[in-house]
Amino acid sequence: MKERVSQIDYLKGIFILLMVIFHLKLVEITYPLTYEAVYTFHMSAFMLISGYLANIHKHPRAFSKSVMRYVLPYVLFEVIYVLMVFLVGKSMNANNTIDHLSAVEMLKRVATQPTGPYWYLHTLAVCLVIYYISYKVLKLKGVNAFLLMSLALFGITRLPVGIEWKNVIYFLMGVLMNRSDKPFMEIIKPSWLALVPLVILFCFPAYFKSWTLPGIIITLLVISFLLWAYPYCTRLVRRVFCYLGRNSLSIVVFSAIFTVLTKAVSGYFSFDPTALSFLVCATVFVVVGCLLCAWIFDKLRLSRFIFLKDKIYVPFSEIAKQTP
């Protein structure tokens with residue numbers, strides 16, 4: 001089990017904030033090239049970190065419980081999201097619209113067609129199970145275990161189950177980093193020099209594909225540069241990003257609901273052709289809404305039934321004590 005590292009929480013906070021921002025349709029339309037550039041690395045880096053932090057050193061029952069912490073909220077909120085898109089998607093000009101919805105169609109969508117940000121929970125749960133089977137159940141080691149896991153996951157991505165290889169490869173990269181037993185920042189070293197090739201690569205939109213070699217390089221360079229920037233951030237900035245990173249699961253789970261709601265008011269920001277005013281207001285609305293929902297779930301003791309934890313919300317005061 002890896003010790004908690006503030007820099008990793010900081011990275012998660014940045015990437016989850018980018019997820020929120022670039023799920024806003026008006027931002028996507030206004031800045032299509034930036035949208036493509038950010039989509040090259042933000043969730044790829046998040047999957048890499050997830051693979052690095054994955055803990056399979058558990059008894060089967062404990063491991064099953066940890067996987068269900070992703071499966072249960074995925075199923076519940078995927079159903080809610082699909083219903084929202086079906087009922088109000090067209091009126092709110094949502095990216096995804098559903099004309100017909102039956103119980104069979106709902107089951108199919110939940111099992112094989114994750115929508116919005118929920119693909120992350122869906123993919124992560126499957127990757128964790130295959131990881132655990134390869135190393136703990138079959139008791140394979142080294143290259144054999146990793147090869148079996150990779151082949152199994154690659155085979156799954158060939159099936160119509162909503163899991164894409166472009167996301168799985170980053171989980172596998174994270175697992176490799178985990179198995180090396182080296183600290184995260186010894187594998188991806190912080191460096192301002194990462195900015196130089198990064199700027200060059202960003203000049204070529206053809207490279208904005210996360211599953212290609214340039215896309216992988218972009219992802220690693222972004223992580224390297226952000227790690228270098230960490231000590232130069234003010235204490236408040238570090239704590240805010242760590243706070244978001246520690247609450248990233250809540251943001252993933254609740255964000256889709258609030259993102260759909262922002263589409264209903266995007267027209268009121270037509271006075272601003274840059275869409276920056278909408279970006280700021282909508283991002284604050286989505287993030288605060290997610291964190292408030294997490295806090296309410298804890299207070300109503302719903303977290304223990306849906307997330308199998310007493311608390312999912314991590315208060316800022318706790319982050320302030322732990323983040324230098």
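Since every read-out is calculated from the coordinates, none of them should be taken as a lab result. Computed from a predicted structure; not experimentally measured. As a convention, Cβ positions derive from the backbone with ideal geometry for all residues, glycine included, and neighbour counts pool all protein chains shown.
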Students often check this: by mean Cβ neighbours within 10 Å, which of 161-172, 199-210 ranks highest, and how do the rest follow? 161-172, 199-210
For Leu302 and Cys281, calculate 0.36 nm times their separation in residues minus their Cα-Cα distance, and state this gained length in nm to one decimal. 4.7 nm
Fully extended, how many nm does the chain gain between Asn55 and Ser191 (0.36 nm per residue separation, minus their Cα-Cα distance)? 46.2 nm
Using a cut-off of 15 Å between beta-carbons, work out the net charge of the residues near Leu76 (Lys and Arg +1, Asp and Glu -1, Leu76 not included). +3
What is the sum of charges, Lys and Arg at +1 and Asp and Glu at -1, for the other residues whose Cβ falls under 15 Å from the Cβ of Ile169? +2
What nm distance separates the two modelled labels at Ser102 and Thr212, each placed 7 Å from Cα along Cα→Cβ? 4.2
Computed label-point distance, nm, for sites Cys233 and Val288 using a 7 Å Cα→Cβ extension: 2.1
So what is the relative contact order for the chain, in percent, with contacts set as C-alpha pairs under 8 Å and at least six apart? 31
Please list, or write none, the aspartates and glutamates whose alpha carbon is within less than 13 Å of the alpha carbon of Lys182, excluding same-chain residues fewer than 8 places away. Glu3
If a/c stays under 1.5 just call it rounded; otherwise compare a/b with b/c (prolate if a/b is bigger, oblate if not). Do that for the range 6-322, with a ≥ b ≥ c from the square roots of the Cα gyration tensor eigenvalues. rounded
Hey, how many Å between the Cα centroid of the range 232-251 and the Cα centroid of the range 35-83? 19
Efficiency by 1/(1 + (r/R0)^6): what FRET value for Asp181 and Phe271, r their Cβ-Cβ distance, R0 = 45 Å, to the nearest 0.05? 0.25
Span from the the range 163-229 Cα centroid across to the the range 288-316 one, whole angstrom: 32
Distance in nm between pseudo-label sites at Met68 and Leu261 (7 Å out along the Cβ direction from Cα): 3.0
Please build a GNM for the chain, connecting alpha carbons under 10 Å apart, and tell me which residue among Tyr31, Tyr52, Tyr268 fluctuates the most. Tyr268
Prolate/oblate/rounded call for the range 1-129, Cα gyration tensor, a/c under 1.5 rounded: oblate
